[in-house]
Structure formats: structure tokens, C-alpha cells
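The block underneath contains the structure these notes are about, expressed in C-alpha cells.
What follows is calculated from the coordinates using simple rules that are stated; it is not laboratory data. Keep in mind the model is a prediction, meaning the values are calculated, not measured. Note: ideal-geometry Cβ built from the backbone for every residue, glycine included; neighbour counts use all protein chains shown.
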Amino acid sequence: MTVEVHPSGAAAEAVARLLPQLVSDGVASGITTQDPTLWGPEAESEAAKRLGWTEAVAISDALVDDILALREELHAAGVTHVALCGMGGSSLAPEVIAATYGVELTVLDATDPGQVRAALEDRLAHTAVVVSSKSGSTLETDSQKRAYEAAFRAAGIDPTTRIVVVTDPGSPLDQAARADGYRVFNADPNVGGRYSALTAFGLVPSGLAGVDIRQLLDEAEAVQLQLALDTDENPGLVLGAAIAGTTPLKDKLGIVADGTHIVGFADWAEQLIAESTGKEGTGILPVVLELDAPELDAVPADLQIVRLVANERATREVAEGEIEVSGSLGGQLLVWEYAVAVAGRLLGINPFDQPDVESAKAAARSLLDDRPEPGAPAFEVDGIAVRTAGPLTIEGGSLPAAVDALVASLPENGYLAIQVYADRLAHPEAHWLRPAFARRTGRPTTFGWGPRFLHSTGQFHKGGPAIGVFLQLVAAAPADLPIPDRPFTFGELMQAQAAGDAAVLAQHGRPVLTLALDDVSAGIAALAAVLD
């Protein structure tokens, strides 16, 4: 099954203008043969060790039999439920793959104590856990692994029979897991985390959960040749030029699922695009949109719309100014990876590094090491403590005044980012805030669960254009959960991550409004009243 890309308007003009040069420069074949010089001399050393994803299908094929054999082994031992502990690229692709194939996979990419506790208590006697970390030192994943180990031991279950590790060879996790007797799958170290969907990081958890991973790889293989050829029909070149070549650049990319069979694809693409392009003061901000999103009623001039459509709709007339994309999941994973690599070349940046991701992690660790008392809020109202960071001043001591101040700080070409540090399974109503603020501001608005988004759009927030304003909602943790053999709890970790990110955003001159909520549902209802 092929992947079809149909641009119109400014996107089509960009393709017509840029595609001949991309073909002439041999960009597609260069990516396929892993030419590290395509992104300039400053990116060459990083690109030289980050292009292994172009041969992921062939390399991953060798893993399939081992994954399926382990799945049968676990089934024979009574395992009927699979959970995944991972962050960013280690969790987003498996979540999309499992959902699209209609397979249950519990994804634990959170530090909220309630969400962690719920995962630990869910069918533990019949659960296998995949612990995924490319670096092998991801703090959230290490904390989740410790919690599951303790839960298994308390239930009289040997953790080594239920926990499977996916990591790069030689990582701290690889060494420790092998020494402790865990089953380990090593991924290709020449693949960055956000490009790892078709490697062990995507295949092990989804395969153990029941996905037909051979079919997934076959879908990707079906588009490989087309992606490798320097032709005008190459969907990777077309999509890359369409999303990164408009003049002036439409630096927000609204992605809306409109008939596609793929579930949650935009959440995966969000990390790939934002973390790859958001640096050096430029980049493309992905905005995950609902079908009835306000941004679709009155499309801002700097927002490019991409519709993910059903295959049979791919030949219909494309709405003026939009891009339509259709195709299989495996095919689209690979096409978007090529497209974002092409976009990096067009933007003049290195699409394989993430220089600003570490800053929030370092700030959180510093707060955990020192654990200072939080500063006094600007004011408190109805169980909400209001704080500001960066260039944000509130005139008055009310929630409406705080919202007004944040909205007033939004640049004409800016965006608002909503960041919710809470149990994402217990509070789906929080998603209502995204379209509500988009209507209020008339500007593209993103929504992210903390700390999950720190491994995704967090790079763009600090490294991209200085045009964002930020709303943090941080839940209290009345029923906290300890992390075994750590001097801090899950609740303290989540609070430190929120405070650390706010501090780094403020250092970059970004306005931040933080609402600490005693009761998440009540806090969202209070915001609803303000916005209505």
C-alpha cells in the first residue's frame, strides 16, 4: 500500500518550487545511503550516527521471531496484559501501533502518583512489563521500573520473569538489566529515539501485546523503494517540501485525523516534528487538532493544515491550502521520518539533535536534590494557587485576571501551550481546555500531558521561536507514592518537573502561568467558567 501526499495552495507552490532541487541534489538517495553531509558541516557528526532508521525494516525483521516466541512464552505463563514504561519515542510509537491494530497496551509515561498506582494495581498477576529507555538513564522510566519490581516482589512474583528491557547496547540499563537476569532486547544505537518507531522500541511492546508486527514492517517495506528514489513522486520529498518550504514559512502545522484508520498518529508525529525542527530560533510547531477545532473555522495565516484521510479519499479534491495524506501505518511512519529529515535540510538545522531537552531535566534534578520550599503564590482562590514566571504580570488577584494577563502576553504570531501535570486517564476532560483557549485567543493552541510533553514539544518551547506563552496546571498529590530506594516520591518528582520546566522557560523569556490545583476537576471547571 502506497502513501499518498496531496498538497494544495501555498504547500503545493512550495513543492513545485523546491522539489526539482531536492531531486537534483539527490536528497532522497542521500538519506537512504546515510550521507551525513546533507544537513551541513555542523550537523555532520550527529547525522553520521543517527540515520540507521533508514534500514530499520531490514534490521528489525531479525527481531520478529524472538518477539513472537517470547509472546508465546509469556502467554503460557498466564500473561494476558502488557504494560509499557517509557517516555517520548519509547512510548509514543507503541501507543499508536497498538491502538491502530486494536490491541490493548497500557502505556505508563507518567509520574502522577494516581496514574502510576492505577497501573501497578491493574491485573498485576497476569501482567508483563516492557521497560524502554534508549539512554538507559531516563529518570521517569527508572522510577517506574523500581515501582513495578517492588510490586511484583510483594505479590510473590520474580520480576525477572515479567519485566522485559529495551535499550541501546552498553547503556547503564543494558548493563544493569543483564546483570540482574532480565530479558533484554537491544535496539540499533544509530537511531534516535523519535525515529525509532520501526525498531525494537516500537516492535517489542506492541508485538508482545499482540500486534501483527510482520504486517507493520511489510507496510513500511512497501514504500521503501519509492522513498529511496530521487523522483517527483517521492512522498517523503513532497511532504517535506510542503511542510517546511512555504514562503513565508507557515511555522505551525495543524494535524487533524479525518477518516484515517490510524489512531493517534498526530501524537507520535508531534514529537518527531517538534523535537527535530524546534531549535536555533526556528522550527515547525505541530498542533494536534480535533475535527471541529476552532483553528479549522478560521485558519491563521501561519498555520498549515494536514489532514490524515482514508485511502479511498486520497484522490478527491483537496481543500484549498491544505495537505492530505493517506496510507498504511507502517508506510506513514517511514514517510514522515523522511519528510522531517528533508524539512531539517530546508530549515537549515540539524534534525537529529535536541539541545534544549536536557535543560528541563537538569532543573528538575536540581530541585529534587535540594528540595527547596516553593515560593509563595501570587494569590490563591478556590483551591488554586496562582504563580507566574518570566515576563508575566497579573493585574488583580482573580483567576480571570490571570487568564487575561496570559492571553494579553500572546504575540500576534504566537501560540499558547497548555501543560497538564495530572493523571491523564482520570481527567480526560482536561482536553476541553485546548479548543476553549484556541477560541479565546484566535491562535494555535497546543495541549500536552506533563512530563510526557517534555520529551516532545519541550524542545520547541525552548529552542524554537520565542513566541510561545505557557499555562501549567499542576495537580496536588494527596495520596503520594514512594519510589523504591529513592529519596523522593512520584509526587515530588512531578512537582519538580513542572517547576523545573517553568524555571527554564522563564530563563528563555517565556511567560508562564502556573495553576496549582488541589482538585483537578474543580480547577478545570473554574477555568471553564472564566473562558465561558
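Listing for the model above:
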quantity: Rounded to the nearest 20 debye, dipole of the chain from Cβ charges on Lys, Arg, Asp, Glu; calculated: 680
quantity: Ranked list, fewest to most other Cβ atoms within 10 Å of each Cβ, for L473, L217; calculated: L217, L473
quantity: Ranked by how many other beta carbons lie within 10 Å on average, peptides 61-73, 78-90 from highest; calculated: 78-90, 61-73
quantity: Cα→Cβ-extended label distance, 7 Å offset, between S398 and D180, nm; calculated: 5.3
quantity: Under Karplus coefficients 6.51, -1.76 and 1.60, residue-wise ³J(HN,Hα) of the range 431-441 in Hz, glycine/proline x; calculated: 4, 4, 5, 4, x, 5, 6, 4, 5, 5, 8
quantity: Förster radius 30 Å - calculated FRET efficiency between D485 and A118, Cβ distance, rounded to 0.05; calculated: 0.85
quantity: Residue order, fewest to most beta carbons within 10 Å, for W268, W432; calculated: W432, W268
quantity: Environment charge of L22, counting only residues whose C-beta is closer than 14 Å and scoring Lys/Arg +1, Asp/Glu -1; calculated: -3
quantity: Highest average packing first - 202-210, 463-471, 368-376, Cβ atoms within 10 Å; calculated: 202-210, 463-471, 368-376
quantity: The range 383-444: projected area of the alpha-carbon convex hull, averaged over directions, in nm²; calculated: 5.0
quantity: Cα-based convex hull, the chain, per residue volume (Å³, whole number); calculated: 132
quantity: Kirkwood hydrodynamic radius over Cα pairs of the range 54-216, then Stokes diffusion coefficient at 10 °C and 1.306 mPa s, in µm²/s; calculated: 103
quantity: Net charge of Cβ neighbours under 10 Å - reference A516; Lys, Arg +1; Asp, Glu -1; calculated: -1
quantity: Å³ per residue enclosed by the Cα convex hull of the range 271-418; calculated: 192
quantity: Integer Hz, Karplus 6.51/-1.76/1.60 couplings in order for the range 478-486, x for Gly and Pro; calculated: x, 10, 6, 9, x, 9, x, 6, 10
quantity: Along principal axes, Cα extents of the range 194-271, largest first, whole Å; calculated: 46, 28, 25
quantity: Karplus 3J(HN,Hα) series, Hz, for the range 48-53 with 6.51 cos²θ - 1.76 cosθ + 1.60 (x for Gly, Pro); calculated: 4, 10, 10, 10, x, 4
quantity: Where N is the number of residues in the range 381-517, Cα Rg divided by 2.2 N^0.38 Å; calculated: 1.04
quantity: Order of D485, D232 - criterion: other Cβ atoms within 10 Å of each residue's Cβ, fewest first; calculated: D485, D232
quantity: Spatial separation of Cα centroids for the range 70-89 and the range 353-431, in angstrom; calculated: 36
quantity: Convex hull of Cα atoms in the range 333-425, direction-averaged projection (nm²); calculated: 10.3
quantity: Three-way shape label, the range 155-204, alpha-carbon gyration tensor, a/c 1.5; calculated: oblate
quantity: Centroid-to-centroid separation of the range 1-66 and the range 256-323 [C-alpha atoms, Å]; calculated: 20
quantity: Neighbour net charge for D65 - beta-carbon separation under 12 angstrom, K R +1, D E -1; calculated: -1
quantity: Pairs beyond 27 Å (Cα-Cα), from K49/K252; K134/K462; K250/K361; K49/K250; K134/K279; calculated: K49/K252; K250/K361; K49/K250
